[in-house]
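Note sheet for the following structure.
Readers should treat all values here as calculations from the given coordinates under stated rules, not as data from a laboratory. Quick caveat: nothing in here was measured; it's all calculated off a predicted structure. Every residue, glycine as well, gets a Cβ built from its backbone with ideal geometry; the counts of neighbours run over all protein chains shown.
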Amino acid sequence: MKEKVENKLDIFNIVKDRKRNEILECMKRQKKVPLKVKENIEQKIVIEIDDDKSKYYIKQTDLRKEKLKKLRPYILGFVFLVMAGTIGFLFQQYLEFQDYLSKNEELVTLSRKYLAEQKRKTEELKELQSLTLDNIENLPEERKNLMLNIIPSGNPLLRELEVTSNFGNRKHPISGGVKHHNGVDLRLNTGDDVIAPAIGKVIFAGVKGGYGNTVILEHAFGFQTLYAHLDKIYVDTGEIVGKGKVIAAGGNTGNSTGPHLHYEVLYNNAQVEPENFIVWDKENFNIVFNNEKNVQWESFLTIMGKNQTK
């Protein structure tokens, strides 16, 4: 009996030892080892396992790098759009700046022209304010041209001037008596052009007694001109005509002994010497002021700017 018990005890010890060895072996196989995860500069994931001072490295492609490759076209497109927008904005700003410079230059140019014009007008005004009949030749060129355009001046015919009967008292060619001749008679051929000696308005165009076919023009500052014995009339009453416009054709109508133009110049409805105005031009500018004393030239100079302050 005792021997059986010992045998059973031996068997138990043997089983116990085996079991212990199995457990130790299992524990040995299942023992924990240190685990470290590192990320190097090459954007790789490194799993480091340290087992009894031995190191094993497992490398895995970084998923973020793959995603970056897929997103690269979109990123580049976005960058391009940003750069294009920036360049477009800068270019628009450049264009606006250039436009500003251009407008600024225009304003500067206009300002300079305005100042130059004001200076010229100021100097001209000083000259006008100092005008007298003695220094009328100092009138600025443009003012001379203005006067010669609005006051009767020059030959009323488009042919060489030839006076056949002067202004003043004369023996009348039809009645034989001495009468005052209110104008001058100028030689012409029937159909020769008659022109306006200044800008004016037609206040009469038709038959006027012994004058025959007649045209009367009204000019500035109280002047009028009359054209008689015309063959044809080319203008109508109320019409505005410019200097040099053909208004009629010369002829022999009315009380006339032959084709000629009877030409009168009137100032405030009174006849004045026509020849003083016929020979008046820029080269002989002061001749009419010196010779024609029936016109109030002083008041005319006032109108032209002598006493103007603007």
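Observations, loosely collected:
- Here each label is just a point 7 Å from Cα along the line to Cβ, and for F91 and F221 those points are 6.4 nm apart.
- Summed side-chain charge close to N189 - residues other than N189 whose Cβ falls under 15 Å, Lys, Arg +1, Asp, Glu -1: -3
- Once the Cα-Cα distance is subtracted from the 0.36 nm per residue extended length, the N166 to E239 segment shows a gain of 23.3 nm.
- Spin-label pair L76-N294: with each label point 7 Å from Cα along the Cα-Cβ axis, the two points sit 10.1 nm from one another.
- Using a Förster distance of 30 Å, the FRET efficiency for N252-V279 (Cβ separation, nearest 0.05): 0.70
- Here the dipole of segment 184-271 is about 60 debye; that uses its Cα centre as origin and unit charges on the Cβ of Lys and Arg (positive) and Asp and Glu (negative).
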